[in-house]
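The values are calculated or read from the model by the stated rules, or taken from the named source; none is laboratory data. Values in this document were obtained by computation on a predicted structure and should not be read as measured data. Note: ideal-geometry Cβ built from the backbone for every residue, glycine included; neighbour counts use all protein chains shown. Please note that ligands, DNA and RNA were not included when accessible areas were found on the heavy atoms of the full protein model with its side chains. Shrake-Rupley method; radii C 1.70, N 1.55, O 1.52, S 1.80 Å.
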Amino acid sequence: MDDERQRPDHGPLAGFTVGVTAARRADELGALLERRGAVVLHAPALRIVPLADDSELLAATKDIIGQAPDIAVATTAIGFRGWVEAADGWGLGEDLLSALRGVRILARGPKVKGAIRAAGLTEEWSPASESLAEVLDRLLEEGVDGLRVAVQLHGEPLPGFVESLRAGGAEVVGVPVYRWMPPEDIGPVDRLLDAAVSRTLDAVTFTSAPAAASLLSRARERGQLDEVLAALGHDVLPACVGPVTALPLQALGVGTVQPERFRLGPLVQLLCQELPARARSLPVAGHRVEIRGHAVLVDGALRPVPPAGMSLLRALSRRPGWVVARADLLRALPGTGRDEHAVETAMARLRSALGAPKLIQTVVKRGYRLALDPAAETKYADD
């Protein structure tokens, strides 16, 4: 029974705010995060525009039916399924599958393999890394000179991939199944960027390279790129589903975290490990205090804290046990004014939210301090 009482009634991501930039499966990812306690900020950085009525896709399909390729490269499950469905809609579905049955099909990963097999086809090979770079290496090692290669494009051109095949002597037929476009409503993206810059966002997830590139492009348009990169480099954790997704961020010097398995579930589990590990944990007035994004754990109990209170608490925690002057705390408050009474009001609300008033001591005529336990004074004195 004691174990039941001591078990936390919140998830591992409680107190953290996580941004979701996905256009596809955003609801699924958001639900996984919310079930673990996170507040989710949805900001699809792109929208997928299917090309079922696109003359370019129709022409590529007819080209492949008329002259089957030697090799076909399938890059995404949704793209491959969409291609077969579009062909069915044009009355060309069976002709397309017949043309592909005698073709060596390479799949980028397990999901693509599933889509290929669902269509009644069989792939020849798929890399364990789910990397197109490994697919390219295999093709070039085997030699593509004189071969006709169909490449299902996954929303953006693959110039390095396509150009390398052409340089190796291949004839490449691009199959543009869908295209990435900017979101119809850019407002959520702008709010996510503002949250990153103001540090009210703890992590942002990326499930495709185009989404990462789009977010950075929007930051550049708004004149926020340097601020956003600084936030992603220190306070806001960028979490990518895999190494390909991380490339636009890495190109600008932003380090990312990635799960070992490139799936949504492992991505969420990674955040469940990383974000609590980054939270500041201190022994204060006989309690264990863990400072999260918009809440505090006091002896394991979740205490939501207003934004002004979190700003004060972070300012105090930078030098735990040391007195922080009211003037310095006033500068830390959002929308800084000149009336130090605002500090007293916010401090009263913070103490109330924490449920343990003695965590923060008032030092008469000087300011406030976190009541760091004496045994910890030496450890944190020079932080």
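Please state the relative contact order of segment 125-256 as a whole percent: Cα pairs under 8 Å, 6+ residues apart? Intermediate results must be reported in sequence, preceding the final value.
Details: 147 pairs, mean separation 26.3, N = 132.
For segment 125-256, the relative contact order is 20 percent.
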So what's Rg/Rh here for segment 145-208, counting alpha carbon atoms and using the Kirkwood radius for Rh? 1.24
So between Val364 and Glu340, what do we pick up on full extension, going 0.36 nm a residue minus the alpha carbon distance? 7.2 nm
Report the residue, chosen from Ala327, Ala371, Ala230, that carries the largest GNM mean-square fluctuation when the chain is represented by alpha-carbon nodes joined by springs under 10 Å. Ala327
Shape verdict for segment 307-358, please, from the Cα gyration tensor: rounded (a/c under 1.5), prolate (a/b greater than b/c) or oblate. oblate
Per-residue ellipticity at 222 nm attributable to helices in the chain (runs of n ≥ 4 DSSP H, -39500 (n - 2.57) apiece, nearest 500 deg cm²/dmol) works out to -13500 deg cm²/dmol
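Would you mind getting me the FRET efficiency between Val257 and Ile186? Use the beta-carbon distance for r and R0 = 22 Å, nearest 0.05.
Numbers: r = 27 Å, r/R0 = 1.22.
The calculated FRET efficiency here is 0.25.
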How much of Glu163 can a 1.4 Å solvent probe reach, expressed as accessible area in Å² and rounded to 10? 120 Å²
Heavy atoms of Leu153 accessible to a 1.4 Å probe, total area in Å² rounded to 10: 40 Å²
Dimensionless Rg/Rh of segment 115-254, both radii on Cα and Rh by Kirkwood, sits at 1.06
With Rg and the Kirkwood Rh both taken from Cα atoms, where does Rg over Rh land for segment 52-122? 0.93
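With a 1.4 Å probe and all protein chains in place, put Glu28, Glu85 in order of accessible area, largest first. Don't skip to the end; give the middle numbers.
Details: Glu28 85, Glu85 120 Å².
So the residues, ranked largest to smallest area, are Glu85, Glu28.
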Determine the principal axes of the Cα atoms in the chain, then give the extent along each, sorted from largest to smallest and rounded to whole angstroms. 86, 52, 37
Give me the angle, in degrees from 0 to 90, between the Cα long axis of helix 307-317 and the longest principal axis of the Cα atoms of the chain, rounded to the nearest 10. 70 degrees
Rounded to a whole number, the Stokes-Einstein D of segment 263-315 in µm²/s (Kirkwood radius over Cα pairs; 37 °C; 0.692 mPa s) is 271 µm²/s
What aspartates and glutamates could a cross-link reach from Lys111, if we take a straight Cα to Cα line under 18 Å and drop same-chain neighbours fewer than 8 places away? Glu28, Glu85, Glu123, Glu124, Glu130, Glu134, Glu260
Qualifying aspartates and glutamates (Cα of each under 12 Å from Cα of Lys358; at least 8 residues distant if same chain): Asp373
Cα-based reach from Lys365 at 18 Å (exclusive), listing aspartates and glutamates while leaving out same-chain residues under 8 positions away: Asp328, Asp339, Glu340, Glu344
